Amino acid sequence: MRTIFHLDLDAFFVSVERILDPSLKGKPVIVGGDPKYGRGVVAACSYEARAYGLHSAMPIRTAYRLCPHGIYVNGSHKEYSRFSKAVKNILSQYAPVIERASIDEFYMDFTGCRNVYGSLFGFASFLQKEIWEKLSLPCSIGIGSNKTVAKIGSDCMKPRGITYILPGMEKEFLAPMPVESIPGVGKVTLKDLHSKGIYKIADITKLPQDYFAAAYGKYGIDLYRKANGGGSEYLSVEREQKSISHERTFKDVTSKTYLKQKLFKLTGKVCQELRDNGWQASTVTIKLRYSDFQTLTRSKTIKPTDDDRIVFDIAWDMLLKAHTRRVAVRLIGIRLSQFKEYSKQEELFEWEEIKRKKMLRAITRLRDRYGYDIINVGKGL
């Protein structure tokens, strides 16, 4: 039986902002776009702000209407990365295997370590205390026999909670929870499940697996397995980041113009992350999922670049060629991989290319300081 920890830093962006500015403690803090511009979404918000109905991904204009007295900050992205690395350094002192799932989430495999650390619950409490005392960051921890159960566990008792799901009790633990507690169940899938009368995880387990396989394909089989307490038992360990990707799920889109707009925005975000890390990518991959859940990917190797326009033109061409069925689209995504360090040897480029690269880096600096939505890059650029 595996022993997997999932550690989730509570309201991470807000916690870092409060470390940088202690006057924000105890106040409704919202990290995201500036409401003066009316653009952007909430990247994170404090528990004081959530009391007014705010949540992540909410339009900043809506957030301001609900909480006009909140403190809106653009975000300190480089500081978030620095603190995330510091947390991982602490965990590396104790965990034999670590997987950083995102900037504020970590999986750890402590299988066979009970004789070393004793009580799992007690050791989780020790990790919480260690991170708080050294970095002033609160966190919640879930302990389970696989990654899915551990992640759901860490969400149960926020903030600063610890949840240990005993081996063999996974199905009973999950049964009363809403289906959206299962990682990967988004708004579109949730609405579809509700239309079928499925609201609790127990509702999934009462039906046969074949029902979900017929409705959702491989995704449905995976959903059924997770509802019954299953999940991945092994961590994906990478010495360095291998790819950058963004996806967008829709409610069955048929307009290619709409898909083009969304792909352009996704491309801007992955290229922004490239420049933030000082990388260029040599492989562009697109993902296309139809409304019947048939999914396909296409990849192309290119000259290393971090240019939105170049990446988008290649990605859109691949998407157009891949989209051959007269079926609505449920999801599109873009992934960049095969990285190399960006070179500043400008003498190798033509003058127009030099100017463009300087412009892209100026945009990157603006977004790092004021948030991604402070400036929109048009196709003409």
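Data for the structure
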{"quantity": "Residue order, fewest to most beta carbons within 10 Å, for 108, 157", "calculated": "157, 108"}
{"quantity": "Residues with amide H under 5 Å from that of residue 41, placed H, sequence gap 5 or more", "calculated": "33, 60"}
{"quantity": "Positive-pole candidate from 116, 215, 197, dipole of region 102-239, charges at beta carbon", "calculated": "197"}
{"quantity": "Rh (Kirkwood; distinct C-alpha pairs) - region 195-244, Å", "calculated": "12.7"}
{"quantity": "Where only C-alpha atoms are counted, convex hull volume of region 46-128 per residue in Å³", "calculated": "127"}
{"quantity": "Phi-based couplings in Hz for region 39-49 (Karplus 6.51, -1.76, 1.60; Gly and Pro marked x)", "calculated": "10, x, 10, 6, 7, 6, 8, 6, 5, 5, 6"}
{"quantity": "Whole-Hz couplings from phi, Karplus 6.51/-1.76/1.60, listed for region 117-132; x for Gly and Pro", "calculated": "10, x, 4, 5, 4, x, 5, 4, 4, 5, 4, 4, 5, 4, 5, 5"}
{"quantity": "Anchor residue 27: lysines whose Cα lies under 22 Å away (excluding residues fewer than 8 positions away in-chain)", "calculated": "36, 158"}
{"quantity": "Residue among 138, 173, 229 farthest towards the positive dipole end of region 107-256, charges placed on Cβ", "calculated": "138"}
{"quantity": "Flagged links, alpha-carbon separation over 31 Å, of 187/340; 129/191; 151/265", "calculated": "187/340; 129/191"}
{"quantity": "Positive minus negative residues near residue 89 (Lys, Arg vs Asp, Glu; Cβ under 14 Å)", "calculated": "+4"}
{"quantity": "Order by protection proxy (mean Cβ within 10 Å, highest first), peptides 28-34, 212-218", "calculated": "28-34, 212-218"}
{"quantity": "Given charges at beta-carbon only (K, R positive; D, E negative), |dipole| of region 172-227 in Debye", "calculated": "100"}
{"quantity": "Ratio of the Cα radius of gyration of region 1-167 to 2.2 N^0.38 Å, where N counts its residues", "calculated": "1.10"}
{"quantity": "Region 144-245: translational diffusion in µm²/s, Stokes-Einstein, Kirkwood Rh over Cα pairs, 25 °C, 0.890 mPa s", "calculated": "168"}
{"quantity": "Total charge dipole magnitude, the chain, about the Cα centre, Cβ charges on Lys, Arg, Asp, Glu only, Debye to nearest 20", "calculated": "960"}
{"quantity": "Relative frequency of Cα-Cα separations exceeding 34 Å in the chain, percent", "calculated": "35"}
{"quantity": "Under Karplus coefficients 6.51, -1.76 and 1.60, residue-wise ³J(HN,Hα) of region 298-306 in Hz, glycine/proline x", "calculated": "9, 10, 8, 8, 9, 5, x, 8, 10"}
{"quantity": "Amide H within-cut-off set for residue 328, under 5 Å, with H built and near neighbours excluded", "calculated": "291"}
{"quantity": "Spin-label proximity, residue 209 to region 149-180 - amide N less than 19 Å from point 7 Å beyond Cα toward beta carbon", "calculated": "149, 168-172, 174-175"}
{"quantity": "Net dipole in debye of region 1-167 [+1 Lys, Arg Cβ; -1 Asp, Glu Cβ; about Cα centre; nearest 20]", "calculated": "220"}
{"quantity": "Diffusion coefficient, µm² s⁻¹, Stokes-Einstein with Kirkwood Rh over alpha-carbon pairs of region 172-227 at 25 °C and 0.890 mPa s", "calculated": "224"}
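Taken together, the values in this text are just the output of simple stated rules run on the coordinates, not laboratory data. Note that the coordinates shown come from a computational prediction; the quantities given were computed from them, not determined experimentally. With ideal geometry, Cβ positions are generated from the backbone for all residues, glycine too; neighbour counts draw on all protein chains shown.
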